[in-house]
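The values are calculated or read from the model by the stated rules, or taken from the named source; none is laboratory data. Predicted, not measured: the structure shown is a model, and the values here were computed from it. No Cβ is skipped: glycine too gets one built from the backbone with ideal geometry, and neighbour counts run over all protein chains shown.
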């Protein structure tokens with residue numbers, strides 16, 4: 001997803017509201033933040049941001065960009081910052097980043113319980129995973145990349161949908177069996 005966003009804008013819809021995300025918004029947040037004495041997103045470096053230096057095969061760099069912290073900082077700056085350093089359109093990019101962060105957390109859960117991060121917990125009957133994944137499939141199905149006047153859906157999005165639908169199917173099959181209380 002990140003590698004596509006480096007080259008193309010990404011359109012998607014949440015609750016039938018259209019959004020367009022752009023990597024330029026992430027660059028704007030980074031460039032503004034890196035000049036601060038006390039940084040809001042200190043993990044971001046040139047290796048995360050600039051297409052010439054991005055380590056495209058390193059997932060860690062990708063997940064450090066698509067975090068709740070980056071999304072919230074972007075949203076704050078679009079709502080409260082004076083000046084023109086970040087476009088109001090960056091709100092859509094912030095929503096995309098937050099969505100991807102939640103999706104990463106929910107599919108990479110490694111512990112039974114994580115305080116303050118319910119989606120990083122193991123899947124159980126009373127967790128938020130199922131609802132998020134059902135909404136996620138609809139959001140992912142609405143996504144397409146934009147370059148000039150062309151629109152196209154990358155294989156990455158189809159693979160995300162397949163992964164989510166497979167995990168949902170697995171949970172439906174295993175849920176209720178005595179042996180599996182969580183996944």
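What number of residues within the range 1-36 satisfy the criterion of being without any contact (Cβ under 8 Å) to a residue 40 or more places away in the chain and not in a helix (DSSP H, G or I)?
7
Can you find, within the range 94-121, the residue that is surrounded by the fewest Cβ atoms within 10 Å (Cβ to Cβ) among those that are out of contact with any strand residue (DSSP E or B) (no Cβ under 7 Å at 6 or more places or on another chain) and not in a helix (DSSP H, G or I)?
116
Could you tell me which residue of the range 53-80 is nearest to residue 116 (Cα to Cα), considering only residues that are in a loop (DSSP other than H, G, I, E, B) and modelled with pLDDT of 85 or more?
67
From the list 137, 65, which one is touching a helix residue (DSSP H, G or I) at 6+ places or on another chain (Cβ under 9 Å) and under 20 Å from residue 41 (Cα atoms)?
65
Collect the residues in the range 141-162 that are assigned to a helix (DSSP H, G or I) and more than 13 Å from residue 10 (Cβ to Cβ), keeping them in residue-number order.
141, 155, 158, 159, 161, 162
Using the structure shown, decide if residue 44 is touching a helix residue (DSSP H, G or I) at 6+ places or on another chain (Cβ under 6 Å), modelled with pLDDT under 95 and part of a helix (DSSP H, G or I).
No.
Is the range 81-90 home to any residue that is surrounded by 11 or more Cβ atoms within 10 Å (Cβ to Cβ), part of a helix (DSSP H, G or I) and either under 12 Å from the mean Cα position of the chain (by Cα) or modelled with pLDDT under 90 (or both)?
Within the range 81-90, none of the residues are surrounded by 11 or more Cβ atoms within 10 Å (Cβ to Cβ), part of a helix (DSSP H, G or I) and either under 12 Å from the mean Cα position of the chain (by Cα) or modelled with pLDDT under 90 (or both).
Does the range 122-140 include one or more residues that are crowded, with 17+ Cβ neighbours inside 10 Å, part of a loop (DSSP other than H, G, I, E, B), out of contact with any strand residue (DSSP E or B) (no Cβ under 8 Å at 6 or more places or on another chain) and at pLDDT below 95?
yes
Being touching a helix residue (DSSP H, G or I) at 6+ places or on another chain (Cβ under 9 Å) and either more than 19 Å from residue 99 (Cα to Cα) or exposed (fewer than 13 other Cβ atoms within 10 Å of the Cβ) (or both) is the requirement here; does residue 60 meet it?
no
Out of all the residues in the range 148-174, which are more than 19 Å from residue 21 (Cα to Cα), touching a residue at least 12 places away in the same chain (Cβ under 8 Å) and within 19 Å of the chain's Cα centre (by Cα)?
Result: 161, 163, 164, 165, 167.
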